[in-house]
Amino acid sequence: MLKLKNAFFTLLLLLIANCGISQINCMTNIQGRKTISLNGEWQYIVDWFGRGNYLKVYRDTLPTDKTKFVEYAFDKQTLKVPGDWNSQDPKLYYYEGSVWLKKEFTYKKTNTKRTFLNFGAVNYQCDVYLNSKLIGSHEGGFTPFEFEVSNLIVEGNNKLIVKVNNQRKEDGIPGTSYDWWNYGGITREVSLIETPTTFIKDYTIQLQKGSSSQINASIELDGIEKQQKVTISIPELGISESVITNKVGLVNVSLPAKLQLWNPENPKLYSVTIASPADKISEKIGFRNISVEGKNILLNGNKIFLKGINLHEEIPEEQRRATSEADARKLLSAAKELGCNLVRLAHYPQNEYIVRMAEQMGLMVWEEIPIWQGVNFKSPTIQSKTTTMLEEMIKRDKNRCGIITWSISNETAKGEYRNIVLKNLAIKCKLLDDTRLVSSAFDGVKYEDTSISFNDSLGTYLDLIGLNIYMGWYKPWPKKAGNTHFNSIFEKPMIISEYGGESKYGNHGSDSIAGLWNEEYQEKLYKDNILMFRQNPSLSGVCPWLLADFKSPARLNLKYQEGFNRKGLLSDKWKKKKAWYVMQDYYK
Ligand code: GCU
């Protein structure tokens, strides 16, 4: 029976892979394109009971004569886009439901160009209307999507209306329960993109797997004249290579190069330009090799130890989603100050400012799709939804050398459907990108006295295993604190992808009573965990949970948590807790 189910799921995956049912796939490098920003103030209507479709809010009409009336109208109230509604309208602080957002803009049409509408992300699902026509929908709160609107956009005034719903769903990704705030809204940038009729839609430029001197480039043109000369230039390397795309607009080329390889100490990026007769696009790209050897992770052939920190895409002082370049700098500068060489973007693809800035700052990145704990793996839609999310994440960030691993899940319980879905995802991940490691974070380990054993069969399909181990918090020390050893049935690199405990900044006192949220308790917990790390030299890295206290609907202790998960090394007011200095010293 299992064989049959396995065959069915694998068949489903191949079907999906081959007939490209992936939702609207975006063009590469939006930031390098000619864009018109639609960010700013958007009018909105809260549609608590979901009447908007019945009332046809997307038509945004006025009464046609004096006998008529319309029971909806956008008015003065606006929300900033990008941004979540929870932090902008106090009435929506806990809101889960539908909101209609409207943006009017004027547009100058020419027939020499095509126009696309790109959303960086909308949480959780949305229907998008342009000039009252439904142009498409998207599900998933953390990845970009796009529509071609060349034939729908009009000269002069246009109305863009988006129905956003952030209700948690049985077959949602994540599921109905998770430990972060369900920020709803158009949480990332919205832009119109103008391109020539035939343009450079997609390109992958990365070091060939296992090489330190061969750059592989694949380029895709989109448009009527698919067969064209395209030129790849990397001036600093003296590279200017012209090739011809084939009948379907594709070309692959491999270029020898004398490179300074990217690494945290020297995060070297090169200016790369791709040009076609009508189009030209540039960006900064770094080149590095990431691989594994036994229990070691190798960066450019050298063994590395990941000095990580987990972080959510949130600015806790303002209890809002991080959206801007300044927000990214705030989060990542703190990670650098802590002495990190890696950030784990928990538990979902975070905005492009964060991913791009990380590699500029010399921070490696663990990027993850939000398959978090209790996802409904039995749901028939799960394989295609998770596959689409994986594709959208990799499509957006495949040229980011800072990203060393794609993580397909966090703390999912072993089970036959889970195993099938995640195994297929791991295989798909390798198909999409064989230059990076595939990983997952686990809490399903065996605790026996002073040893912790990992034997989850999913490890078979992974390159890197992350263990979430909360010794001294969720798990008391068996004997002497720190005296714990890790085993795994796999000869593969393992990191502690999460550990830590809570404290409320400013609470001081005993370091042995957990329930008082004292900084001293958290400080000691970190010292004990570091003792444990020193006893497990085969570990390839550690990654505290986490940078800063963050909002969570799962934290109900009003005395100490006040709606925050307080495992941060920084408080929600960005104050350094005592444990911060323990970690900083260790990383030094
Ligand atoms: C889990 C989980 C996190 C969560 C953390 C905690 O391991 O991965 O998302 O916030 O533990 O309980 O604080």
Any pair with Cβ under 8 angstrom, 6 or more apart, that starts in the range 138-163 at a residue that is without any contact (Cβ under 8 Å) to a residue 60 or more places away in the chain and ends at one that is in a loop (DSSP other than H, G, I, E, B): LEU152/ASN131; ILE153/LYS109; ILE153/ASN131; VAL154/LYS109; VAL154/ASN131; GLU155/LYS108; GLU155/LYS109; ASN158/ASN131
Index of the failed condition, GLU411 passing every other in (1) on the phi < 0 side of the Ramachandran plot; (2) at pLDDT 95 or above: (1)
Residue, nearest to the ligand (Cβ to nearest atom), within the range 308-334, restricted to residues that are among the aliphatic types (A, V, I, L, M) and buried (at least 22 other Cβ atoms within 10 Å of the Cβ): LEU311
Residue match in the range 87-94 (condition: among the small types (Gly, Ala, Ser), surrounded by 17 or more Cβ atoms within 10 Å (Cβ to Cβ), under 23 Å from the mean Cα position of the chain (by Cα) and at negative phi): yes
Candidate set from the range 436-452 (those that are more than 29 Å from the chain's Cα centre (by Cα) and touching a residue at least 12 places away in the same chain (Cβ under 8 Å)); member that is surrounded by the fewest Cβ atoms within 10 Å (Cβ to Cβ): ASP449
Residues satisfying the stated conditions in the range 337-355, i.e. away from the ligand (no atom under 16 Å from the Cβ) and either assigned by TED's automatic domain parsing to the domain that holds ASN118 or β-branched (Val, Ile, Thr) (or both): ILE354, VAL355
Tabulated pairs, the range 352-380, first more than 27 Å from LYS330 (Cα to Cα) and in contact (Cβ under 8 Å) with a residue 24 or more places away in the chain, second surrounded by fewer than 18 Cβ atoms within 10 Å (Cβ to Cβ) and among the charged types (D, E, K, R), C-beta under 6 angstrom, 6+ apart or interchain: ASN376/GLU170; ASN376/ASP171; SER379/ASP171
Test: residue in the range 495-505 that is within 16 Å of the ligand (Cβ to nearest atom), touching a residue at least 60 places away in the same chain (Cβ under 8 Å), hydrophobic (A, V, I, L, M, F, W, C) and not in a helix (DSSP H, G or I): yes
Considering residues of the range 405-421 that are surrounded by fewer than 24 Cβ atoms within 10 Å (Cβ to Cβ) and aliphatic (A, V, I, L, M) only, the residue farthest from SER540 (Cα to Cα): ILE420
Residue count for the range 531-550, restricted to those that are surrounded by 15 or more Cβ atoms within 10 Å (Cβ to Cβ), away from the ligand (no atom under 15 Å from the Cβ) and within 29 Å of the chain's Cα centre (by Cα): 4
Strands (runs of 3 or more DSSP E) completely within the range 151-248 that count 3 or more residues being modelled with pLDDT of 95 or more, away from the ligand (no atom under 16 Å from the Cβ) and under 30 Å from the mean Cα position of the chain (by Cα): 156-165, 190-196, 199-207, 214-222, 229-234
Selection count where residues are surrounded by fewer than 20 Cβ atoms within 10 Å (Cβ to Cβ) and over 28 Å from ILE513 (Cα atoms), scope the range 460-486: 2
Those residues of the range 356-377 which are more than 13 Å from the ligand (Cβ to nearest atom) and assigned to a strand (DSSP E or B), in sequence order: MET364, VAL365, GLU367
Tally of residues being among the small types (Gly, Ala, Ser), within 27 Å of TYR93 (Cβ to Cβ) and in contact with a Leu (Cβ under 9 Å, 6 or more places away or on another chain) across the range 144-203: 2
Test set (1) over 28 Å from TYR94 (Cβ atoms); (2) touching a strand residue (DSSP E or B) at 6+ places or on another chain (Cβ under 7 Å); (3) polar (S, T, N, Q) - GLN584 fails condition number: (2)
Some residue of the range 337-352 being within 18 Å of the chain's Cα centre (by Cα), among the hydroxyl-bearing types (Ser, Thr, Tyr) and under 27 Å from CYS429 (Cα atoms): yes
Filter pass, VAL445 being over 30 Å from ASN29 (Cβ atoms), within 16 Å of the ligand (Cβ to nearest atom) and not small (Gly, Ala, Ser): yes
Every residue from the range 551-571 that is away from the ligand (no atom under 14 Å from the Cβ) and more than 26 Å from the chain's Cα centre (by Cα): LEU558, LYS559, GLU562
Members of the range 71-114 that are in contact with a helix residue (DSSP H, G or I) (Cβ under 8 Å, 6 or more places away or on another chain) and among the hydrophobic types (A, V, I, L, M, F, W, C): TRP85, VAL99, TRP100
Residue within the range 263-280 that is acidic (Asp, Glu), surrounded by fewer than 18 Cβ atoms within 10 Å (Cβ to Cβ), outside any strand (DSSP E or B) and over 21 Å from the mean Cα position of the chain (by Cα) present: yes
The range 89-123, residues that are free of Cβ contacts under 8 Å to residues at least 60 places away in the same chain and touching a strand residue (DSSP E or B) at 6+ places or on another chain (Cβ under 6 Å): GLU104, THR106
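The values are calculated or read from the model by the stated rules, or taken from the named source; none is laboratory data. What you see is a predicted model; the values in this text were computed from it and never measured. For neighbour counting, all protein chains shown are included, and Cβ atoms are generated from backbone atoms with ideal geometry for every residue, glycine included.
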